[in-house]
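Only the coordinates and a few stated rules stand behind these numbers; no lab work does. Because the structure is predicted, anything quoted here is derived from the model rather than measured.
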Amino acid sequence: MALSDLETFYRAAKCRFDESVDFANRCRGMVVALQSGDQDCLHLWQQFIDISMSHCQAVYDRLGVSLTLDNVCAESAYNNDLPEILTALTLQNLLTEDQGAQCVFLDEFKGRDDNPLPLIVQKKDGGYLYATTDLAAIRYRSNNLDVDRILYFVDARQGDHFKMVFAVARKVGFTDDSTRLEHMGFGTVNGKDGKPFKTREGNSIKLPEEELKEIARVVGISSVKYADLSKNCNSDYIFDWDLMLRFNGNTAPYLLYAYTRIASIFQKGNIEPDNLQGDIKLEAEQETAESDDR
């Protein structure tokens, strides 16, 4: 099974989930089974993780990112801890049943009508949510890894979720004030229609394929990385190949073009750049002027 197979299954399952109540209920039941340690579910889930992470590792290696599989702990790794999270919340008198779900209400989190907002940790059907796993992860990282700072690089739209999770984690004693919990929110990567990419809808953009020539690989990756890093990380931006691949303005292809021309001058003059000495001085107006396209 390849990653493309999983993406196809994911999109098809999402469509059927939206169309069939029976299928949606079966899916929710499978989540409960997975979180309860069902061996068949765990076996399949591990296959999905292996396929997904092998693809991630290939991207890490290509982009020079130092992460390895040893740095990864899948969400399902916390399954056995999830009931303990509810037990701990119960012992601290923080758990409240609301319409069949198990929730935590804190006074500092209110809705528009000044009603308390719940952090749901277990659904009516017995399934756990991201909040439960996030709490288990904080407890593990604080107790087992002995960390003093935890950074969450997640979509900025999840800001309220993490504020509540962090507050509950401190309230229940999973971590203390000496441990910094920080949500490093970032804007969404959007298509030309201004809407965020969603894997489940099949509209995400793929990096250059392996079989493309080296020049296409360098230009493609440089364009994506430069376009991403040149923006304010807290702002949304439009993912547009036409803008990223332009040979004018503040783009990677323009910088690569300038670099190629300079390298050509060195080559024609039989100059080794590593042997050059002296200070670089920018004095001409063309050298100090800022680009109009920023």
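Observations
- For the chain, the longest principal axis of the Cα atoms and the long axis of helix 214-229 meet at an angle of about 60 degrees.
- Pairwise inverse Cα distances across segment 42-187, averaged and inverted, put the Kirkwood hydrodynamic radius at 16.9 Å.
- For PHE239, distant residues with modelled amide H under 5 Å away: ASN190, GLY191
- The alpha carbon gyration tensor of segment 1-76 gives principal lengths a ≥ b ≥ c with a/c of 1.5 or higher and a/b no greater than b/c, which makes the shape oblate.
- Among the listed pairs LYS192/LYS231; LYS14/LYS225; LYS124/LYS171; LYS14/LYS195; LYS110/LYS171; LYS124/LYS163, those whose Cα-Cα separation exceeds 21 Å are LYS14/LYS225; LYS124/LYS171; LYS124/LYS163.
- For segment 214-288, dividing the convex hull volume of the Cα atoms by the residue count gives 150 Å³ per residue.
- Nearest-ten-degree value, helix 82-91 long axis tilted from longest Cα axis of the chain: 60
- Cα long-axis angle, helix 3-19 against the chain (0 to 90 degrees, to the nearest 10): 50
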